[in-house]
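Worksheet: the structure to be examined is printed underneath.
The values are calculated or read from the model by the stated rules, or taken from the named source; none is laboratory data. Since the structure is predicted, the reported quantities are computational estimates derived from the model, not experimental observations. Every residue, glycine as well, gets a Cβ built from its backbone with ideal geometry; the counts of neighbours run over all protein chains shown. Areas reflect the complete protein model, heavy atoms only, side chains present, ligands, DNA and RNA absent. Shrake-Rupley method; radii C 1.70, N 1.55, O 1.52, S 1.80 Å.
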Amino acid sequence: MSSNRDFSRDGTFLIDLTKCTGCRACQVACKQWNQLPAEHTEFFSGEGYQNPSAMSEYTYTRIKFRDYQKNGQHEFAFYKEMCMHCNEPACASVCPVGAFEKTKEGPVFYKDNRCIGCRFCMIACPFGVPKYEWSKALPLVRKCTGCLERVREGLHPACATTCPTAITYGPRDEMIELGKKRLFKNPERYVQKAYGYTEAGGTSVIYLTALPFEELGFKQVTKRALPEYTWEALRLVPGIFLTVGGGLSGLAWITHRRERLREELEKERAALAAEEEKEGRE
Amino acid sequence: MTNHWIDIQHADVIMCIGSNPAENHPISFHWVEKAMDNGGKLISVDPRYTRTSSKSDIYAQLRPGTDIAFIGGLINYALQNNSIHSEYVVNYTNAAFLVDEKFAFNDGLFSGYDRGNTSYDNSSWAYQMGKDGLPIRDNSLEHPQSVYQLLKRQYARYTAEKVCEITGTAIQDYLNVARTFCSTGRVGKAATIMYAMGTTQHTVGTQNVRSYSILQLLLGNIGIAGGGINALRGESNVQGSTDYALLFDSLPGYLKCPTYDNRDLAAYNDKWTPKTKDPKSANWWSNTPKYITSLLKAYWGDAATVENDFCYDYLPKRSGNYSFLKLMERLQGGGFEGLVLMGTNPIVGGPDVRSIALGLDNLNWMVAADLWETETSVFWKRPGVDPGKIDTEVFLLPAASSVEKSGSISNSGRWAQWRYKAVDPPGDAEGDAFIVDQWVKQLKKLYAKEGVFPDPIVDLAWDYGDGHEPDIDMVARECNGQFTRDIEIDGKTFKQGQQVPSFASLKADGSTLCGNWIYCGSYPEEGNMMQRRGTEDPGGMGSYHEWAWSWPVNRRIVYNRASVDLNGRPWNPQKPVISWNAITRKWDGDVPDGAWPPMSEDGSRSPFIMNAEGIARLFAAGLADGPVPEHYEPMESPMANLMSNQQSNPALDRPGRVDKSGLYYIATTCRVSEHWQSGTMTRNLPWLVELVPDMFVEMSEGLAKEKGINDGEMVTIISKRGSIQARALVTSRLKPFRVGDKLVEQIALPWHFGFNGPAKGDSANVLTEAIGDPNTHIPEYKAFMCNIKKGGLTA
């Protein structure tokens, strides 16, 4: 199953990590827009000044720091983790109640009034994005909304608006073009590949980096849309249903027919015997 | 800044030394990245590999306090390799001037040094003067007593090898920096130096900046697009603050504060108005009498007349050094009854804060105006003291934030941008203008009845409307300046009360008043120029002349007459700042630094109009510690000075010390993007505390291993001033320095933490020393020595 939908005008983030200074204005802008509380932190949780220790119900985006040496060279680099707003999101595909929607504007939007808290989305997402409200008695799932309300009003998402250097926001085909231009103009500065162009079948968050993706902390993810994998199995279901089900039903009918025939034979014999007995007494 | 933020995109090479703009000016850093997108190279020179270094093309490690050695070596490289812009140097600097035959330099000291009072008699630093009253020149630059040859001799001692021994830089990195930076000596190439507190907060801070001037002038990088010396100011309106005389030795517009021996206005003008006989020198400070008189008229209005010297007697006259360091010294001696603190937190931000705290205990009263309760305002609650033993009465005035009041904010690029009031301040909070206005009104009432010398207060012209708080537009209009009577200038008539169009119309006869001559033109009759938000940029150079207003007279790049050759043609026609239009006989482009024609024509003027000589000073006799920079070690240093036997700055009142114990490590203070200054605002904001919650100290992996310290563990840091504890952040971004045949480790401490507020931590400034630069008196926060112990203070 592949979508007939055109993704080229979807609102997309182009995140040029060679321009990111790890300032965390994006983390703060997200919390301010979504009115999320600050988490309790101590010291730092990871390399550099990284905080908090993971995305959560209170933290929809986070800068991961890398602070190490490679071949005697200093590396101090930053990676913004967030919902990838996939073209064909796995979360939407597995959700039994349809609580996720790939909106026409681009963001994958979560509708909490439908959620039953089953957490299939958390298992399905290859990026580990949806987070659970462990703090609540009736927990729902939380993740980046793509600032859909802002986008619908003609604004850009909060993080993209605040970022002074690294994030550009616009239609997907334009962001891909811009990304390609940058890779071409300064080839020595970039890994000659954008992350998110084809990952998971293509996403609305596209990254440019100087360091190899795995070194920065990106997950290695299949190029196929995740729903395609489940489709591999699911598409066989009707066939299996019909052949196996039909076959077993057929077998059952044959077995039952024998039974039925035997029963009928028994009944006939019994009836015959009864009649003979009646005739004998007369 | 000589240039401005947006102009940085035009640089071919950017050197960030003593600054970390990706960290501390993350928004403006966009322009550095733009320069790099255009092919520009970023050089980061820093003791640590910082956020700025992570974006740089070249990183060079620098031992704290060795900037003069580093730059001295670049000056030497430029001179030896002749990478200089010769025509610029000969015509626009004092390279060709001859210096007094008695001038000498020997073993770290210039001629005229008095060891007894650790100061210089600079009479031997004067130019040789001809009979025409002009400095004698040798335009071939070959005369041994020419500034150019003196410079060559001075910096020939700064070979790359010697420099790297001092700075600890790897020589291949150093030569890479030298080649790259000095390549901009070529006409048509531009380099800019971006500097901040890492440059200034040293006992040689002033000479650090002087070294940048010399290098940039030799390369012809001042006055051109993408060039300049760009100071990154550390607060959004500190530029405005210094423009308006926050510093003790100035009056608004950087006029000199009168000293006790300037008995009257004539004596003041005589002392502080520079003179020159050079017809090609505009000598702009020769207008001093116009500016001081106009200022006095602004202060005392109609009470200031020709007869009473425009109330000059009312101005306080300083009799010494009233710098922050001296104030804190006097505070500790019980020399103040009271202290007023407007948005400042010395018990976290000053050096040697333990001593400052003891000084505060002596106060009878304190007034603190701030948005939050600062550590200084609750100094009596600090750990380890009994509040019962402190008799100070403290008044905390809640203050309005920048969005709760209107007014202008001047950025590093001298752009004054008007802010409107977005919301009312909460509760009882008020803007600073309200607070000061109330004080003046109450003082006037009190002094109307009694007082030893009430006149300066009673006669103070103070009328900013009848509203709850002063009408800021009225203040801004007064700072621009007005005519005090009907007058005719060059055929044009102005009426009393009209706004002065520019400082060219200010007078010394009392017909103009002006609160700040450099802001004259910011609020003319047409309206508030600082409020403009025009985005037109017809020249395409990013000048945006319709956006806000920059001083002086909306000029974006100062000294821009040096951006053209003697015929008025831009050195770089691709990136012109100004260019002479022979048809209109005017300059196209930026506001020219004087409308006079090019230097090849009659009636012209030299480009550096703020100097009496009209040209830029490679050799500058007016500073306390020397006419050219010389490397001295910081007050606390791991090594003896390799350049001479003069260990530390000779103009300081006590000598520096070399640590030979090997127990101490090189320490510096630093900042993070997530917190600001002493943390009074940012440590009260949960979203920022979440990012950086605790005081920490950065150290190398080697030092951590040596001491058995794990990442995140509590450690104690000790200096001669005191001890603090912090969490250890172990990182490969810090490396030890080669000092002689040893490796000496370094640590870096953010100074944002204090004992008060939701996020507490020990203050780095417990450790720093109360000693500063002999010219500016800015404390040496950036280079000192510390010991480190595993475990916290209670361990």
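The rows are residues; the columns are (1) β-branched (Val, Ile, Thr); (2) more than 14 Å from every other protein chain (Cβ to nearest Cβ); (3) open to solvent by 10 Å² or more (accessible area, probe 1.4 Å); (4) over 22 Å from B:Phe737 (Cβ atoms).
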| site | (1), (2), (3), (4) |
| --- | --- |
| B:Ala612 | no, yes, yes, yes |
| B:Gly626 | no, yes, no, yes |
| B:Asn641 | no, yes, yes, no |
| B:Asp653 | no, yes, yes, yes |
| B:Arg683 | no, no, no, yes |
Q.
Which count do you get for residues in segment B:260-271 that are crowded, with 16+ Cβ neighbours inside 10 Å and either in contact (Cβ under 8 Å) with a residue 40 or more places away in the chain or in contact with a Phe, Trp or Tyr (Cβ under 8 Å, 6 or more places away or on another chain) (or both)?
A. 3
**Q.** Counted residues, segment A:204-234 - those being charged (D, E, K, R) and without any contact (Cβ under 8 Å) to a residue 40 or more places away in the chain
**A.** 4
Q. Restricting the search to segment A:203-244, which residues are assigned to a loop (DSSP other than H, G, I, E, B), at pLDDT below 95 and either at positive phi or in contact with an Asp or Glu (Cβ under 6 Å, 6 or more places away or on another chain) (or both)?
A. A:Gly217, A:Val221, A:Ala225
Q) Checking A:Ala160 against (1) within 25 Å of B:His30 (Cβ to Cβ); (2) open to solvent by 30 Å² or more (accessible area, probe 1.4 Å); (3) of a type outside the set (Asp, Glu), which single condition isn't satisfied? A) (2)
**Q.** Evaluation of B:Asp694 against (1) within 10 Å of chain A (Cβ to nearest Cβ); (2) in contact with a helix residue (DSSP H, G or I) (Cβ under 7 Å, 6 or more places away or on another chain) (one fails), failing number
**A.** (2)
Q. Which of the following residues is open to solvent by 30 Å² or more (accessible area, probe 1.4 Å), of a type in the set (D, E, K, R) and closer than 21 Å to A:Ser8 by Cβ: A:Glu101, A:Glu149?
A. A:Glu101
**Q.** Which listed residue is part of a loop (DSSP other than H, G, I, E, B), more than 10 Å from chain B (Cβ to nearest Cβ), open to solvent by less than 40 Å² (accessible area, probe 1.4 Å) and of a type in the set (A, V, I, L, M, F, W, C), from A:Phe13, A:Phe44, A:Phe7
**A.** A:Phe7
Q: Among the numbered conditions (1) within 12 Å of chain A (Cβ to nearest Cβ); (2) assigned to a loop (DSSP other than H, G, I, E, B), tell me where B:Lys102 comes up short.
A: (1)
**Q.** Count of segment B:49-100 residues which are out of contact with any strand residue (DSSP E or B) (no Cβ under 9 Å at 6 or more places or on another chain), surrounded by 24 or more Cβ atoms within 10 Å (Cβ to Cβ) and on the phi > 0 side of the Ramachandran plot
**A.** 0
Q | Hits in segment B:173-186 - residues which are outside any loop (DSSP other than H, G, I, E, B) and open to solvent by 10 Å² or more (accessible area, probe 1.4 Å) | A | B:Asp173, B:Leu175, B:Asn176, B:Arg179, B:Thr180, B:Ser183
Q. Taking the stated definitions as given, is B:Gly662 part of a loop (DSSP other than H, G, I, E, B) and surrounded by 23 or more Cβ atoms within 10 Å (Cβ to Cβ)?
A. no
Q: Just need a number here: residues in segment B:296-316 that are open to solvent by 70 Å² or more (accessible area, probe 1.4 Å) and over 16 Å from B:Leu255 (Cα atoms).
A: 4
Q: Output the residues belonging to segment B:338-362 that are in contact with a strand residue (DSSP E or B) (Cβ under 7 Å, 6 or more places away or on another chain), more than 22 Å from B:Pro398 (Cα to Cα) and open to solvent by 60 Å² or more (accessible area, probe 1.4 Å).
A: B:Arg354
Q | Close pairs (6 angstrom Cβ cut-off, 6 or more residues apart or separate chains): touching a residue at least 24 places away in the same chain (Cβ under 8 Å) and outside any loop (DSSP other than H, G, I, E, B) in segment B:143-172, among the charged types (D, E, K, R) and open to solvent by 10 Å² or more (accessible area, probe 1.4 Å) anywhere | A | B:Ser146/B:Asp138
Q | Qualifying positions in segment B:680-704 - closer than 21 Å to B:Arg63 by Cβ and not hydrophobic (A, V, I, L, M, F, W, C) | A | B:Glu698, B:Ser700, B:Glu701, B:Gly702
(Q) Any residue in segment B:275-299 that is more than 25 Å from B:Cys311 (Cα to Cα) and without any contact (Cβ under 8 Å) to a residue 24 or more places away in the chain sitting within a Cβ distance under 9 Å of a residue that is open to solvent by less than 30 Å² (accessible area, probe 1.4 Å) and of a type in the set (D, E, K, R)? List the pairs, counting only those 6 or more apart or interchain. (A) none
Q. Restricting the search to segment B:753-765, which residues are touching a strand residue (DSSP E or B) at 6+ places or on another chain (Cβ under 9 Å) and either open to solvent by less than 10 Å² (accessible area, probe 1.4 Å) or free of Cβ contacts under 8 Å to residues at least 60 places away in the same chain (or both)?
A. B:Phe753, B:Ala764, B:Asn765
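For B:Asp711, state whether it is in a loop (DSSP other than H, G, I, E, B), free of Cβ contacts under 8 Å to residues at least 40 places away in the same chain and within 14 Å of chain A (Cβ to nearest Cβ).
Judged against the criteria, B:Asp711 is a match.
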(Q) The conditions are (1) within 14 Å of chain B (Cβ to nearest Cβ); (2) in contact (Cβ under 8 Å) with a residue 40 or more places away in the chain; (3) farther than 27 Å from A:Tyr197 by Cα, and A:Tyr68 fails exactly one of them. Which is it? (A) (2)
Q) For segment B:226-259, which residues satisfy the criterion of being modelled with pLDDT under 95 and open to solvent by less than 10 Å² (accessible area, probe 1.4 Å)? A) none
Q.
Against the condition crowded, with 21+ Cβ neighbours inside 10 Å and either within 14 Å of another protein chain (Cβ to nearest Cβ) or part of a helix (DSSP H, G or I) (or both), how does B:Ala704 come out, does it pass?
A. yes
Q) Which fully enclosed helices (runs of 4 or more DSSP H) of segment B:1-93 have 3 or more residues being over 19 Å from the mean Cα position of the chain (by Cα) and within 14 Å of another protein chain (Cβ to nearest Cβ)? A) B:29-37
Q: Please specify each residue of segment A:18-27 satisfying the condition of being open to solvent by less than 20 Å² (accessible area, probe 1.4 Å), within 9 Å of another protein chain (Cβ to nearest Cβ) and part of a helix (DSSP H, G or I).
A: A:Gln27
**Q.** Every residue from segment A:28-37 that is crowded, with 21+ Cβ neighbours inside 10 Å and either more than 7 Å from chain B (Cβ to nearest Cβ) or part of a loop (DSSP other than H, G, I, E, B) (or both)
**A.** A:Cys30
Q: Kindly provide the set of residues from segment B:719-731 that are surrounded by fewer than 18 Cβ atoms within 10 Å (Cβ to Cβ) and either of a type outside the set (D, E, K, R) or over 34 Å from the mean Cα position of the chain (by Cα) (or both), ordered by number.
A: B:Gly722, B:Ser723
